Structures are given as structure tokens and as C-alpha cells.
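Sharing a structure below in C-alpha cells format, with a few things to ask.
The values are calculated or read from the model by the stated rules, or taken from the named source; none is laboratory data. Note that the structure is predicted; figures quoted are calculated from it, not measured. Cβ sites come from the backbone with ideal geometry, for glycine too, and all protein chains shown count toward neighbours. Side chains included, ligands, DNA and RNA excluded: accessible areas come from the protein's heavy atoms. Shrake-Rupley method; radii C 1.70, N 1.55, O 1.52, S 1.80 Å.
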Amino acid sequence: SNATEEYNGTAWSAGGNLGQARRQNAGCGTQTAGLTMGGTTTTAYSTSTEEYDGSSWSGGGSLSTGRWGLGGCGTQTAGLCFGGTTGSNSVVTEEYDGSSWSSGGNIATAVRGMASAGTQTAGLKMGGHDGSSSVNVTEEYNGTAWSSGGNLGTARQYFAGCGTQSAGLCFGADAGDKTSTEEYDGTSWSAGGALATGRSLLIGAGTQSAGLCAGGSTGSVSNVTEEYDPGPGTYDLLFNAVGGL
């Protein structure tokens, strides 16, 4: 699909269509300064990058390595992408300066279908599929190189993440407990409030204390949106269903 939708805190509305229809691409940035890269079309692994200005998409600098199932974080003028697959899993990291991509430090564990969060100089990569099975590996990026972080409590792939390197959030999975949520404090992961609708291949945005997830697969395509916020009268954090895409 090339469809774009925008969320105002209550409901979704149509935005400008992507120039290239694709799936399992990565994204980052904000609603008025978005970035998407990579993915797969019906015929190829995409190197295409597109930038969003709040109403329409325009072409950006091409990735050096086209791939799908990659991770992405950062901003439109300081983006980061890593991993994914070109038929075999990639360790390649690339950094975006608002016009072109350049090489960054390789990830240690080549995976696809990971979740990601953070910025170009403080990125967070978690989980994914290493070609044999789901992994629980977490890696942190300092703008130059990746290093090991605390392992996820549950190995998972094709899930979503948001937040920062020191306050991360991940949720969903393609197997096992698909409602599982974990919170990261910069060192270790702990259990968070469960999704109301367990699913894989969902999207994530926001922060650890104000997270957003939408879409995905429950075995069939889901249009459910959920928000993560403090529950009433407690410090526990819970996902609250708020409607569909």
C-alpha cells in the first residue's frame, strides 16, 4: 500500500500517499517531518527514501543497501536505519543527514523484523529474527558503534517499539504472548501493561509513558489503535483501546 494516515489523539484521517507502495519499510520522525526508507515492492528490495511535510511525500536520498524488515529511528534530518534482509540478514547501518545516507557502525547481530527506538546518536534495537529463530538481544547505538544492552525478557520478532534509549517500550510479537509489553530503563527490561489486542507487524510511536500502537495482524488484518498511559489511581501503565485506523 502507499496509504498514509495521521492521528490527532482521537481519530485517524488520510494523509498524502507515498510515491512508492511498499511493505515492511522503516520510518521515523514526526507527523509533520516524517521519513520512510527501504521495504519491499512487488519486484525488488527498495532503496527508496521519502520525506513527509505534513501533507505530501517527496523523494529523499536513496539507501546504499535496499532491504526490508529493517529498523529505523531518529528524525527526518538525522535518521538511522539498520539490519533487515536482502535475502540474507544484513548488519548494515546507515545514517541520514536530511539529503543523503552514509555508513554507520554495523550491528552485532544480523536480524530482520526487530523493533527500534531512540535517535541517530542514541539508538535502540531490540529483538528480531536471526535467520533461525526469534532473539532477545538488545543493542544500543552511540552515533558511531553498537554495544550490548540488557536482553528482552521474551525473544520476539515483528513487533513494535517507541521511546528512547533510556526509556524504551516494546509490544506485540508474532508468536507466544502477543499482548506482552516490556519497558527499558537504559539497562534492563521489565514487564509492562499488556496490549488489549495481541498482534504482530504493528506500528509504534510516542514515548514510554505515552505510547501509541496501531494496525498489525491477529491472523487477519487489524485496524485497532491502542494508547499507553498511566492507569487511573495507580502508577501501573496500561494500554487502552481507542478505536481503529
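Would you work out which of G38, T86, G69 lies farthest towards the positive end of the dipole of the chain? Charges go on Cβ: Lys and Arg +1, Asp and Glu -1.
T86
Under unit Cβ charges (Lys, Arg +1; Asp, Glu -1), what dipole magnitude, rounded to 20 debye, does the chain have relative to its Cα centre? Don't skip to the end; give the middle numbers.
On the way: 8 positive and 20 negative charges, 128 e Å.
Here the size comes out at about 620 debye.
Continuing with this model, one more query. In terms of solvent-accessible area of protein heavy atoms at a 1.4 angstrom probe, what is the ranking of S200, S147, highest value first?
Details: S200 10, S147 60 Å².
Reading off the accessible areas and sorting them downward yields S147, S200.
Moving to a separate point now. Could you give the accessible area per residue of the chain, probe 1.4 Å, as a whole number in Å²? Intermediate values should be presented prior to the final figure.
Numbers: 10230 Å² over 245 residues.
With all protein chains present, the chain gives 42 Å² per residue.
Ok, one more. For the stretch 70-203, with only Lys/Arg (+1) and Asp/Glu (-1) charged at the beta-carbon, what is the dipole magnitude about the Cα centre, in debye rounded to 20?
Values: 5 positive and 11 negative charges, 60 e Å.
Its charge dipole is roughly 280 debye.
Sticking with this one: To the nearest 20 debye, what charge dipole does the stretch 39-149 have about its Cα centre, counting +1 at the Cβ of each Lys and Arg and -1 at the Cβ of each Asp and Glu?
Working: 3 positive and 9 negative charges, 62 e Å.
Roughly 300 debye, rounded to the nearest 20.
Continuing with this model, one more query. Would you mind telling me the share, in percent, of accessible area of the chain contributed by carbon and sulfur at probe 1.4 angstrom?
Working: 4900 of 10230 Å².
The nonpolar share, carbon plus sulfur, comes to 48 percent.
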